[in-house]
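One structure is given here, and the rest of the page talks about it.
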Amino acid sequence: MISLRARLLFWLVRVSGLKNRMLREGAAEKFLAHNHARGAARPGRWFRKNCSVDENMIDGRPFFQLTPKDKASSLHIFYLHGGGYAFNITSLHWRYIKKIMKRTGASFSVPLYPLSPEHKWDESYAMVMQAYKQVVAKHGADNIVFMGDSAGGGFSLGLSQTLRNDYQPQPKKLVLLSPYLDQTAADPQQLELEKKDILISVEGIRRLGSWWTRAGENSDVFPVSPLFAPIDNLPPMQVFAGTDEVLLSDSKRLKQKGEVGDADIDLRVYDGMQHVWMLLPIREAKQAIDEIAKFLLAPEVQLEQDTVGLAEKELL
């Protein structure tokens with residue numbers, strides 16, 4: 001049985017009508033415009049007190065690098081926030097980053113990539129790739145983990161696939177939280193799953209996908225929908241999803257592709273959980289963070305990657 005606090009928070013989200021705002025054309029655009037006008041949340045007082053916070057700009061967008069002042073490890077997490085590629089980073093994201101940092105001692109990079117519909121996928125990828133190159137130069141690819149929730153999870157997978165395709169150094173691991181991998185919501189099972197989802201709908205997924213692509217572009221191609229690209233020769237992945245979210249389908253299909261393609265994917269499905277529950281102040285989130293910390297800190301299995309050294313020189 002899920003925790004009392006989880007049930008209460010899920011009820012509050014349901015009665016807020018947030019899902020309906022993304023369902024109704026016109027209402028979704030108004031809601032998005034309000035979010036953009038309000039702007040992105042910033043690292044709070046805890047980060048300023050306990051970390052060295054370096055804020056730079058890449059193509060006019062903020063790029064945060066945060067390093068713990070005490071007990072910093074060599075682990076570096078490149079975090080891509082969720083929000084359907086359209087919505088700003090929130091205080092929930094920063095609180096989650098704080099929890100992971102406190103558990104692991106990892107430093108973080110957080111690029112606030114260009115958002116749709118004003119900007120499209122190629123602009124977002126270009127900015128994030130510049131940020132990644134800076135991070136590789138500073139920390140080395142072997143110390144970097146890609147982590148992201150929802151759209152950030154899809155972005156993390158797509159970025160790693162792009163690096164593989166270009167023979168560039170990849171991170172050592174991926175952590176995908178309720179990843180949004182298919183902009184078309186092509187799986188028929190999602191129509192049934194959305195009855196339990198209090199936040200995401202099939203129509204909402206497709207609307208967000210249309211915002212991130214240019215006129216005439218299809219949403220079922222890489223890297224817009226990374227689920228449709230091969231997932232071989234990628235780093236080990238830990239993937240989290242809930243039974244009561246539409247995007248459970250994306251995680252299950254990713255796992256199925258991994259089984260066929262011999263990819264290392266550890267899929268963890270939590271019963272009764274909604275979209276990106278890992279960011280919430282609930283017992284189940286604590287359990288997920290425990291599992292993530294264990295995955296991050298586990299010794300890495302050495303794999304044969306003859307091209308990595310050459311690729312890293314090319315990237316730098």
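Show the residue pairs that are 6+ apart or on different chains and have beta-carbon atoms under 6 Å apart, the first residue being within segment 274-293 and buried (at least 20 other Cβ atoms within 10 Å of the Cβ), the second being of a type in the set (D, E, K, R).
Note: pairs meeting the criteria are Gln274/Asp244; Gln274/Glu245; His275/Glu245; Val276/Asp149; Trp277/Glu284; Ile282/Arg5.
Can you tell me which residue in segment 242-273 is farthest from Leu227 (Cα to Cα), limited to those that are surrounded by fewer than 17 Cβ atoms within 10 Å (Cβ to Cβ) and small (Gly, Ala, Ser)?
Out of the qualifying residues, it is Gly272.
Quick one: count up the residues across segment 8-58 that are at pLDDT 90 or above, charged (D, E, K, R) and outside any helix (DSSP H, G or I).
Of the residues in segment 8-58, 3 are at pLDDT 90 or above, charged (D, E, K, R) and outside any helix (DSSP H, G or I).
Which condition breaks for Gln161 when tested against (1) polar (S, T, N, Q); (2) part of a loop (DSSP other than H, G, I, E, B); (3) touching a residue at least 40 places away in the same chain (Cβ under 8 Å)?
Status for Gln161: all satisfied but (2).
From the list Val145, Val175, pick out the single residue that is in contact with a Lys or Arg (Cβ under 8 Å, 6 or more places away or on another chain), closer than 22 Å to Ile292 by Cβ and either aliphatic (A, V, I, L, M) or buried (at least 24 other Cβ atoms within 10 Å of the Cβ) (or both).
When all the criteria are applied, what remains is Val145.
Does Asn233 count as in a loop (DSSP other than H, G, I, E, B), more than 20 Å from Thr90 (Cβ to Cβ), at pLDDT 95 or above and not aromatic (Phe, Trp, Tyr)?
Here the answer is yes, as Asn233 does meet what is asked.
Of the residues Phe87, Phe108, Phe63, which is within 19 Å of Leu279 (Cβ to Cβ), in contact with a strand residue (DSSP E or B) (Cβ under 9 Å, 6 or more places away or on another chain) and crowded, with 17+ Cβ neighbours inside 10 Å?
Phe108
Tell me yes or no: at least one residue of segment 71-92 is in a helix (DSSP H, G or I) and either out of contact with any Leu (no Cβ under 8 Å at 6 or more places or on another chain) or closer than 29 Å to Thr213 by Cβ (or both).
Yes, segment 71-92 contains a residue that is in a helix (DSSP H, G or I) and either out of contact with any Leu (no Cβ under 8 Å at 6 or more places or on another chain) or closer than 29 Å to Thr213 by Cβ (or both).
The values are calculated or read from the model by the stated rules, or taken from the named source; none is laboratory data. Just so it is clear, the structure is predicted and the values come from calculations on it, not from any experiment. In this analysis, Cβ positions are derived from the backbone assuming ideal geometry, glycine residues included, and neighbour counts consider all displayed protein chains.
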